[in-house]
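Down below is the structure, laid out as structure tokens.
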Amino acid sequence: MALQVVPEGLASTSAAVDGATAQLAVAHTALAPAVAATVSPGVASVSLLTAGGLGTSDIEHPCAGGEGIGNPARAGIAVGECDISYSVGDRTAASYSIVAMR
């Protein structure tokens, strides 16, 4: 089965993924202060436990958010690399065809 790929389509897909990644990064940055705000602990042990758990979440969320932004960014780069690979392959095949016709 032959895969029909249009390099221009890959380039536009790569740009779209990069745009979505940028939007995700902006949203993550805007929400970071809200996530970092923790509830002040009260006197009860449950409140102290909750505050401790929220403090842990403050550390985990930026890490997970960074991974969430990094994955689409890598995908956009990979699609762009496919575009380059197919373009080079098409040019190589075209040059062989021209040489074979002579």
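A short reminder: the numbers here are calculations on the coordinates, not readings from a lab. Model, not experiment: these values are computed from the prediction. Cβ: placed from backbone, ideal geometry, glycine included. Neighbour counts: every protein chain shown.
What's the exposure ranking of Leu10, Leu24, Leu31, going from fewest to most Cβ atoms within 10 Å?
Leu31, Leu24, Leu10
Between Arg74 and Ala93, what is the spin-label point distance in nm, taking each point 7 Å from the Cα along the Cα→C-beta axis?
In this crude spin-label approximation the distance works out to 2.9 nm.
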